[in-house]
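Below is one structure, written out as structure tokens; the observations come after it.
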Number of protein chains: 2
Amino acid sequence: MRFAKRHGTENDFVILPDPDGALDLYPRLVARLCDRRAGLGADGVLRVVRTDSAADSGWFMDYRNADGSTAEMCGNGIRVFARYLLDKGMLAGGEFTVGTRAGPRAVRVEPGGITAQMGMPEVLGTGRASVGGRVCEGVRISVGNPHLACLVDEPLDKFDLTVAPELDPRQFPEGGNVELVRVIGRAAVQMRVHERGSGETRSCGTGAVAAAVAAARAAGESTGAWRVGVPGGDLTVTLDAHTSWLTGPAVIVAEGELCESWLSAAQVRK
Amino acid sequence: MRFAKRHGTENDFVILPDPDGALDLYPRLVARLCDRRAGLGADGVLRVVRTDSAADSGWFMDYRNADGSTAEMCGNGIRVFARYLLDKGMLAGGEFTVGTRAGPRAVRVEPGGITAQMGMPEVLGTGRASVGGRVCEGVRISVGNPHLACLVDEPLDKFDLTVAPELDPRQFPEGGNVELVRVIGRAAVQMRVHERGSGETRSCGTGAVAAAVAAARAAGESTGAWRVGVPGGDLTVTLDAHTSWLTGPAVIVAEGELCESWLSAAQVRK
């Protein structure tokens, strides 16, 4: 089984090329692949499958979380996925549409970065979280998944995200991601994020969109481009009247082959 | 740059074959390789270098910690290293000596596991640690590096190792590893370990030796074979009058090639 390891602002992925959909990617195998000590280690798996849907360019991103469950979309993942298609000559040209469980998503590959369409974020109202015992006020935003984006005045390293922030279960019945966002200049913020089920991560694509929406709203704006610095690098979020876009790097780390003995070992079996 | 990823009881390593010693393995590159999101991810790097020393079988294990610093020896690492040499046909036969910074170390590869000579552990006296606010009494043991092995009566999941245990700085001027050890049968223990500088890990070869020494001592013995269950698998420690031996699995995960663009990127430069 061939693999590639890549990351986008240090949100990292194992890519499995499987054009003909021959791979039986059961949850336990995904979890073992993503295991950072017993496997390759990643935040998720991107399986590259050919599709004959008329709505996209012929490729479907089968995204799996590190625990083996499926997910609709992943903003950093789709950028990494798009770069892989181009690098491997599976597509030509810099603009195309990738199939995802959330529907077809537009992607644009340019020298300065890879841009993915993230959909229209929805502001749901205000909310609050207890972050390391401190109350932070924020904005509830849906970017497909639920976020609380909190604008803060202090340096972000003053906050403790080792423990999950406490959210009001009436506002977040299924939990949510919490972003701490600090405005550092004109249309520029820094962000730290605690992801539901994952803890603090070095980057989160939908979180960056939520951070930009909250910062824009505080500035009395609803469109425009925002630079979002995350611990793993720099992203740009562009808001327009109909959708949002995430731009950033996609880094190729390594390629190789999973060993047969590992794949056939008891701990990877169904 | 070719690499292999392997682990021994989930203590994981990036192996870099470099027979002619041509590789410039500077600390920042090692740290980036071991970075679990921006690189391949590992507890350490094992560079495979040819040597002309008469004391070993012609191969030197250049072991580096995940932060890029060098270390003398690694009990799980040398087992993984030995298996690699055999798999690649770089050595024939199941018994040989590997050069390390701690001197030549005997290794034995058998179907049931790979055994590495760990040296003579030294009991230094008693000591104590505060583990998540609870005082644990233990035995201070040197296995080349300093350990406090604490025999406990309770299930190991009752202890909190998310924060480093507090040691008496007069007893551990340079810090130390703390093992929580529970006897579960005749010559059998379970162990959890907090490694100095790394936090809780899924396995620690010298820690397993320290755990066996402490358990043997409590049983009024000083030699014999002890089964040591760690979160990442099962090890066997054999104590004799002159040295100690660590036996366990070595698992091949994957092989591949680091991408040139990653290697030449600014973040990996010296």
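Between residue B:186 and residue A:188, the modelled labels are 7.1 nm apart [label points 7 Å from Cα along Cα→Cβ]. Of all the options A:64, A:28, A:47, the one that moves most in a Gaussian network model of chain A with Cα springs shorter than 10 angstrom is A:28. Thinking of chain B as a set of Cα atoms, what percent of all their pairs are more than 33 Å apart? In whole percent, the long-distance tail amounts to 20.
Between the beta carbons of residue A:264 and residue A:196, assuming R0 = 30 Å, the FRET efficiency works out to 0.30 to the nearest 0.05. Of the candidates B:44, B:256, B:232, which one comes out as most mobile in a Gaussian network treatment of chain B with C-alpha springs shorter than 10 Å? Ranking B:44, B:256, B:232 by mean-square fluctuation puts B:256 first. Projecting the Cα atoms of A:1, A:48, A:177 onto the charge dipole of chain A, computed from C-beta unit charges around the Cα centre, puts A:1 farthest toward the positive end. Taking the alpha carbon gyration tensor of the range A:118-263, multiplying each eigenvalue by 5 and rooting it gives semi-axes of 26, 20, 15 Å, largest first.
Semi-axes of the equivalent ellipsoid of the protein assembly as shown are 44, 29, 20 Å, computed as sqrt(5λ) over the eigenvalues of the C-alpha gyration tensor in descending order.
Residues of the range B:157-194 with an amide N closer than 17 Å to a point placed 7 Å from the Cα of residue B:218 along the Cα-to-Cβ direction: B:157-160, B:178-194.
The C-alpha atoms of chain B define a longest principal axis, and helix B:205-218 lies at about 20 degrees to it.
Given a 1.4 Å probe and every protein chain left where it sits, what share in percent of the accessible area of chain B is carbon and sulfur? Result for chain B: 48 percent of the exposed heavy-atom area is carbon or sulfur.
Only helices enter the 222 nm calculation for chain A: every DSSP H run of n ≥ 4 contributes -39,500 (n - 2.57), and dividing by all residues gives -4500 deg cm²/dmol, rounded to 500. Buried surface between chains A and B: roughly 2200 Å² of accessible area, summed over both sides, computed with a 1.4 Å probe on protein heavy atoms only. Remark: the range B:111-243 carries a charge dipole of roughly 100 debye about the Cα centre, counting +1 on each Lys and Arg Cβ and -1 on each Asp and Glu Cβ.
Mean partner shielding of peptide A:35-44, defined as the number of other chain Cβ atoms within 10 Å of each residue Cβ, is 6. Descending by average beta-carbon neighbour count within 10 Å, the peptides A:130-139, B:8-17, B:166-175 line up as B:8-17, A:130-139, B:166-175, the highest first.
For the protein assembly as shown, the dipole from Cβ point charges (+1 on Lys and Arg, -1 on Asp and Glu) about the Cα centre works out to 40 debye, to the nearest 20.
Rounded to two decimals, what is the ratio between the C-alpha radius of gyration of the range B:99-194 and 2.2 N^0.38 Å?
Ratio of Rg to 2.2 N^0.38 Å for the range B:99-194: 1.22.
Legend: calculated FRET efficiency, residue A:171 to residue A:101, from the Cβ-Cβ distance at R0 = 25 Å, rounded to 0.05, equals 0.45.
Across q = 0.12, 0.15, 0.19 Å⁻¹, the range A:83-145 modelled as identical point scatterers on its alpha-carbon atoms has Debye log10 I(q)/I(0) values of -0.52, -0.66, -0.79, in the order of the q list.
Of all aspartates and glutamates in the structure, the ones whose alpha carbon falls short of 17 Å from that of residue A:88, not counting any fewer than 8 places away in one chain, are A:18, A:20, A:110, A:255, A:257, B:257, B:260.
Based on the Kirkwood radius over alpha-carbon pairs, what is the Stokes-Einstein translational diffusion coefficient of the range B:13-136 at 25 °C with 0.890 mPa s viscosity, in µm²/s?
Values: Rh = 15.9 Å.
After rounding, the answer is 155 µm²/s.
Shielding by partners for peptide B:10-16, expressed as the average number of C-beta atoms from other protein chains within 10 Å of each residue's C-beta, is 2. Comparing Cα centroids, the range A:194-270 and the range A:109-179 end up 13 angstrom apart.
The values are calculated or read from the model by the stated rules, or taken from the named source; none is laboratory data. Everything quoted here is computed from the prediction, not taken from an experiment. No Cβ is skipped: glycine too gets one built from the backbone with ideal geometry, and neighbour counts run over all protein chains shown. The accessibility values were calculated without ligands, DNA or RNA, using every heavy atom of the protein model including side chains. Shrake-Rupley method; radii C 1.70, N 1.55, O 1.52, S 1.80 Å.
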